[in-house]
Amino acid sequence: MSQKNNDNPILYTDVNQEELQAKTSKYLLNYGTKFNKDVICGSRGLYVYTASGHKVLDFTSGQMSCLLGHGHPEIIQTITDHAASLDHLFSGMVSPPVISLGERLCDLLPTGLDKAFFLSTGGESNEAAIKMAKVYTGKFEIVGLGGSWHGVTAQALGAQYHFGRKGQGPLMPGMLMLPSPNAYRSIFRRADGSYDWETEMEYGWRMIDMQSCGSLAACIVECIQSSAGMHVLPPGYLGALKRECEKRGMLLIIDEAQTGVGRCGDLMAFNHEGVVPDILTLSKTLGNGLPLSAVVTSDEIERVCIEGDFCFYTTHVNDPLPAAVGDKVLEIVVRDGLVEHSCAMGKILHDRLNALKEKYGCIGDVRGRGLMAGVEIVEDRETKTPALALGKAIGDRAYDLGLWANLSSHPSFGGAFRIAPPITITEDQLVSGLDILEDAFATTPGTIPV
């Protein structure tokens, strides 16, 4: 494969896609997903480029991670400088970019989120947070929410109820589940048909208290359950959840892998409710696509954990190169007013998606906040039966027209598009992508025009 210079977004040229697809089948081990039909040979800004030269607007920021877009020039320079001069160190060594990222991050967060350390993935940071909660409380039971996704390592997976639990024998002991806060599909309803999350939560905690052996350590939660189909916690839910945790001597862990660093129109999604977690985990958006995650907690929790011999010593803990990237991401987000920009662009996004809902009966629900949105496709609005085949057809059509808007087509996902473009997106780019999406609805049979 030949490579072009940096002025061309297509890095790999003169490739044979059919040959590469054959090698994919022969050499690449399946890890639980089908590969997309096209081989991606370049990315730049808000676009990815296929081996055949197809230019596709990326409405999912890669794996919901490229917060500032692909190949941001300041990120490129940061990576280049640190790859050349300060890349990886012994895990007990500390370096200026790690110290700077810790300072910048903690200074942006409320009191009680005072100290941080840095790992590679979201699953790893949630693993560390759960272990920290167990060491701090001296207890071992962990509560998660139905529809949650926290990673595929042992404790993170144990607290995850969306997918991936089967086929491996017993998971971690002491893992308990609250009902998924799904306002669109929950059976908990008031007399007027509105979602009764208070009764649902009360019911859930009653079940947990019946199951618990008296060793409840923590509850871990996402402010927007992305993998479940972009379900936003109802107003007041997070505060009520923290109160329930405090009643039981539990810690509240908030996982902001996808929602953090401006994505939802606040610096952190928990800022929207004014609820401060005992432990915060970040990943994805913090590294702009590089493997970087964070665990942030209080001085007091750190003190107790030190006394309890807490250890999460890994090969890549506090590595300088990814930390430098995270530090630059936070600098750019604050400097360029991208939180406010995300809020403004989010209003355009949700207004257009709701207008699209008025045109097509197959759109059962539009939800989300800021530049994070879910569009659920159904056979009809009365039964709310998921229309997985139709959703896939719309997604395939949008891709052919030049837009990648990930459809969660596995039945457990409910057939919802998950939209989360880079927060650097311009209004013109956003409108262009939404025009393509509308064109896909208009030209796909079975979308039920109203």
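The values are calculated or read from the model by the stated rules, or taken from the named source; none is laboratory data. As the structure is a prediction and not an experimental result, all values here were calculated from the model. Cβ: placed from backbone, ideal geometry, glycine included. Neighbour counts: every protein chain shown. In case anyone asks, the SASA skips ligands and DNA or RNA and just uses the protein heavy atoms, side chains included. Shrake-Rupley method; radii C 1.70, N 1.55, O 1.52, S 1.80 Å.
Go through (1) touching a residue at least 12 places away in the same chain (Cβ under 8 Å); (2) under 20 Å from the mean Cα position of the chain (by Cα); (3) not in a helix (DSSP H, G or I) and name the single condition Asn126 misses. Looking at each condition in turn, Asn126 falls short on (3).
Every residue, every condition in (1) more than 21 Å from the chain's Cα centre (by Cα); (2) farther than 17 Å from Arg367 by Cβ; (3) modelled with pLDDT under 95, yes or no:
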| position | (1), (2), (3) |
| --- | --- |
| Gln225 | no, no, yes |
| Met230 | no, no, yes |
| Leu238 | no, no, no |
| Leu252 | no, yes, no |
| Glu256 | no, yes, no |
| Gly260 | no, yes, no |
| Arg263 | no, no, no |
| Lys284 | no, yes, no |
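Taking segment 372-387 as the range and being open to solvent by 30 Å² or more (accessible area, probe 1.4 Å), in a loop (DSSP other than H, G, I, E, B) and in contact (Cβ under 8 Å) with a residue 24 or more places away in the chain as the test, the residues that pass are Asp380, Lys384.
Among residues that are in contact with a helix residue (DSSP H, G or I) (Cβ under 8 Å, 6 or more places away or on another chain) and β-branched (Val, Ile, Thr), Val232 is not included.
Put simply, of Ile394, Ile436 the only residue that is open to solvent by less than 10 Å² (accessible area, probe 1.4 Å), closer than 18 Å to Asp58 by Cα and part of a helix (DSSP H, G or I) is Ile394. Given the structure, is Gly69 within 27 Å of Lys328 (Cα to Cα) and within 28 Å of the chain's Cα centre (by Cα)? Considered against the rule, which asks whether it is within 27 Å of Lys328 (Cα to Cα) and within 28 Å of the chain's Cα centre (by Cα), Gly69 comes out as yes. The C-beta contact set for segment 79-101 (first residue of a type in the set (Ser, Thr, Tyr), second residue in a helix (DSSP H, G or I) and crowded, with 16+ Cβ neighbours inside 10 Å, distance under 6 angstrom, 6+ apart or interchain) comprises Ser95/Pro320; Ser100/Asp327.
Listed by first and then second residue, the pairs with beta-carbon distance under 7 Å, at least 6 apart or on different chains, first residue in segment 236-249 and open to solvent by 30 Å² or more (accessible area, probe 1.4 Å), second of a type in the set (S, T, N, Q), are Gly249/Thr137. Screening segment 269-323 for residues that are farther than 13 Å from Phe117 by Cα and in contact with a His (Cβ under 8 Å, 6 or more places away or on another chain) and picking the one that is most open to solvent (accessible area, probe 1.4 Å) gives Pro291. Residues considered: Arg369, Arg352. Of these, the only one that is open to solvent by 50 Å² or more (accessible area, probe 1.4 Å) and closer than 30 Å to Met230 by Cβ is Arg352.
If you go through segment 143-163 and pick out every residue that is touching a Ser or Thr at 6+ places or on another chain (Cβ under 7 Å) and not in a loop (DSSP other than H, G, I, E, B), you end up with 1.
When segment 178-204 is examined, which residues are found to be surrounded by 14 or more Cβ atoms within 10 Å (Cβ to Cβ) and either in contact with a Cys (Cβ under 7 Å, 6 or more places away or on another chain) or of a type in the set (S, T, N, Q) (or both)? Hits for segment 178-204 are Ser180, Asn182, Ser186. Within segment 15-43, if we keep just the residues that are open to solvent by less than 100 Å² (accessible area, probe 1.4 Å) and acidic (Asp, Glu), the residue that is farthest from His70 (Cα to Cα) turns out to be Glu19. Counting only residues that are part of a loop (DSSP other than H, G, I, E, B) and either open to solvent by 20 Å² or more (accessible area, probe 1.4 Å) or more than 21 Å from Asp114 (Cα to Cα) (or both), segment 70-102 holds 11 of them. Quick check on Leu157: is it open to solvent by less than 40 Å² (accessible area, probe 1.4 Å), in contact with a strand residue (DSSP E or B) (Cβ under 7 Å, 6 or more places away or on another chain) and aliphatic (A, V, I, L, M)? Answer is no for this residue.
In segment 50-69, the residue that is nearest to Asn288 (Cα to Cα) out of those that are open to solvent by less than 30 Å² (accessible area, probe 1.4 Å) and in a strand (DSSP E or B) is Asp58.
Mind telling me which of the residues Met175, Met207 ends up being crowded, with 18+ Cβ neighbours inside 10 Å and over 18 Å from the mean Cα position of the chain (by Cα)? After ruling out the rest, the residue left standing is Met175.
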